Amino acid sequence: MKKLLPIANLSDLAPGSCLSVEADGIGVALFNVDGTIYALDNTCPHAGGPLGEGTLSNEIVECPWHRWRYNVRTGERPENPEFKVACYQVHVRDNVILVAIPAK
Ligand code: FES
């Protein structure tokens, strides 16, 4: 079961940028790739770096701590798809970004 939560305004996430937010106690990383919004778990599986504070290049985010890379569409590392972060479904209504996160 999932909950759809409003977590940010679209105007706070310019194309090519990313953002760390928290929704119902869950850290979420948001990414704007040419106007399409993607959401991943914010915690890098390597050592817990905040992916929403990384560097976004097209659909690849680089973790700010040790530079592991993830595809923001799939959550997979291009170099090693066995390391993967959770992807969350995104909806945009008016100027609001909503993310479907697991219900507790
Ligand atoms: S914590 Fe992300 S690469 Fe190390």
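The values are calculated or read from the model by the stated rules, or taken from the named source; none is laboratory data. All of these numbers come straight from a predicted model, not from anything done at the bench. Backbone-built Cβ (ideal geometry, glycine too); neighbour counts: all protein chains shown.
Filtering region 67-104 to residues that are more than 15 Å from VAL28 (Cα to Cα), of a type in the set (D, E, K, R) and either in contact with a Gly (Cβ under 8 Å, 6 or more places away or on another chain) or exposed (fewer than 15 other Cβ atoms within 10 Å of the Cβ) (or both) leaves ARG67, GLU79, GLU82, ARG93, ASP94, LYS104.
For the residues GLU22, GLU59, the requirement of being touching a Lys or Arg at 6+ places or on another chain (Cβ under 8 Å) and either away from the ligand (no atom under 16 Å from the Cβ) or of a type in the set (Gly, Ala, Ser) (or both) singles out GLU59.
Checked against the criterion of being at pLDDT below 95 and hydrophobic (A, V, I, L, M, F, W, C), region 71-88 contains one or more residues that satisfy it. Please go through region 29-54 and give me each residue that is more than 16 Å from the ligand (Cβ to nearest atom) and surrounded by 13 or more Cβ atoms within 10 Å (Cβ to Cβ), ordered by number. Selection gives LEU30, ASN32, VAL33, THR36, ILE37, TYR38, ALA39.
Table: residues versus (1) of a type outside the set (D, E, K, R); (2) under 15 Å from the mean Cα position of the chain (by Cα).
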position: GLY54; (1), (2): yes, yes
position: GLU59; (1), (2): no, yes
position: ASN80; (1), (2): yes, no
position: VAL99; (1), (2): yes, yes
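Residue by residue, here is whether (1) under 25 Å from VAL96 (Cβ atoms); (2) at pLDDT 95 or above; (3) surrounded by fewer than 14 Cβ atoms within 10 Å (Cβ to Cβ) holds:
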residue: MET1; (1), (2), (3): yes, no, yes
residue: ALA8; (1), (2), (3): yes, yes, no
residue: GLY27; (1), (2), (3): yes, yes, no
residue: LEU56; (1), (2), (3): yes, yes, no
residue: TRP65; (1), (2), (3): no, yes, no
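In region 33-51, is there at least one residue being in contact with a Lys or Arg (Cβ under 7 Å, 6 or more places away or on another chain), outside any loop (DSSP other than H, G, I, E, B) and hydroxyl-bearing (Ser, Thr, Tyr)?
Of all residues in region 33-51, those in contact with a Lys or Arg (Cβ under 7 Å, 6 or more places away or on another chain) come to 38.
From what's left, outside any loop (DSSP other than H, G, I, E, B): 38.
When the remaining residues are screened for being hydroxyl-bearing (Ser, Thr, Tyr), the result is 38.
Looking for residues that are in contact with a Lys or Arg (Cβ under 7 Å, 6 or more places away or on another chain), outside any loop (DSSP other than H, G, I, E, B) and hydroxyl-bearing (Ser, Thr, Tyr), one finds at least one in region 33-51, hence yes.
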